Amino acid sequence: MTLPASDHFNGKTFFNPGGPAERGMLDVLRWQLTSRAARWPKWVEIVPQPAPPATADGAVMATWVNHSTFLLQTAGHTVLTDPVFSERASPFTWAGPRRAHAPGVAFSDLPRIETVLLSHDHYDHCDAPSLRRLAHEHQPLFIAPLGHRALLAELGATRIVELDWWQAHSPAPGLTVTMTPSKHWSRRTVGGTNRRLWGGFYLQTPTRRVWFAGDSGYDEPLFRSIRQRCGAPDLALIPIGAYEPRWFMSAAHMNPAEAVRTHFDCGARQSVAMHWGTFQLTDEARETPVQALEEARAAAGLAGEKFRVLSPGQSLGT
């Protein structure tokens, strides 16, 4: 990769300016040996929903598909974030975290997808079969952090834009996408740690602002800087799950109380929870993030409608 060094790239790998978010193999081994993971249900029955019609005015319609996959629709454009429709969040079809419910919108029921936003290369966000099928059937523009071009090209993508933190691209008239920093890390293969950048995306239309946070540990100065540079979002999509045990996960995944703090830090008019309930990636029970979010909202004096939990396939207009 021939990129100049920066405050988050040393010429070879990317890094978080405030310190590493990834854990070493000894930490992974310690977690596995001491883990007391809660038992998840084998399957949660849901009824997949049809995609809603596109908005007719300046609103943005956000539909939670599952995990960090959102269908975002404006009056003239359709966006899909971190598309994961496979049975497992894994490089294998026979091993790895298995989904606990069907996607809230079936892949075959998606409207024409014009832009795909990819936050980073972890398997619960960067699902090769889903990306390959999107490239083949929808031919969208893929917008991803630096370092993802070769991976996406191997999956059949022909229209690829790579962005660094704070860089912007306009995939359609009246729509600007800015890549925002997050506190996370990347690795898809052995030896590939932090060879690709990670982040979130800030979408702006003439009348609406939507922030998709991606995966991130809690970082107050970072989230406040997003508000300062991009403006307070009308809608923030914020992760609440995959956070236990805290000694292991806190650097890379926020917990629900920190998600509420993030809501205030970025100045969101309204937030929606993501990154919970689909794949068991960590030790907490499936419903614990939702319960903890309710407690954190109450402790902060935040009304429930200000930080919503959607069911898979449910939509919210902003």
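Values for this structure:
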{"read-out": "Helix-derived mean residue ellipticity, 222 nm - over the chain, DSSP H n ≥ 4, -39500 (n - 2.57), to 500", "value": "-6000 deg cm²/dmol"}
{"read-out": "Label point distance in nm, Q167-E287, each placed 7 Å from Cα along Cα→Cβ", "value": "4.5"}
{"read-out": "S6 long-range amide H proximity, modeled H, under 5 Å", "value": "G11"}
{"read-out": "Ranking of F9, F279 by count of other Cβ atoms within 10 Å, fewest first", "value": "F9, F279"}
{"read-out": "Distant-in-sequence amide H partners of V116 (H built 1.01 Å from N, under 5 Å)", "value": "L80, L141, F142, I143"}
{"read-out": "Length added when fully stretched, R159-V28, from 0.36 nm per residue minus Cα-Cα", "value": "43.5 nm"}
{"read-out": "Added length on full extension, which subtracts the Cα-Cα distance from 0.36 nm per residue, T176 to R246", "value": "21.7 nm"}
{"read-out": "Alpha carbon convex hull of segment 82-126, volume per residue in cubic angstrom", "value": "82"}
{"read-out": "About the Cα centre, charge dipole magnitude for segment 43-310 (Lys/Arg +1, Asp/Glu -1 at Cβ), debye", "value": "480"}
{"read-out": "Antiparallel bridge percentage (DSSP; both residues within the chain; nearest 5)", "value": "55"}
{"read-out": "Stretch gain in nm, segment A106-A37, where the contour uses 0.36 nm per residue and the Cα spacing is subtracted", "value": "21.9 nm"}
{"read-out": "Computed label-point distance, nm, for sites E87 and R187 using a 7 Å Cα→Cβ extension", "value": "2.7"}
{"read-out": "Residues of type lysines that K183 reaches as a straight line, Cα spacing below 22 Å, ignoring anything fewer than 8 places off in the same chain", "value": "K12"}
{"read-out": "Segment 188-318 - Rg over Rh from alpha carbon coordinates, Kirkwood radius", "value": "0.96"}
{"read-out": "Semi-axis lengths, Å, the chain, gyration tensor of Cα atoms, sqrt of 5 times eigenvalues", "value": "25, 23, 22"}
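Every read-out reported here was derived from the displayed coordinates using simple, explicitly stated rules and does not represent laboratory data. Remember, it's a predicted structure, so these values are computed and weren't measured experimentally. Neighbour counts run over all protein chains shown; Cβ positions are idealised from the backbone, glycine included.
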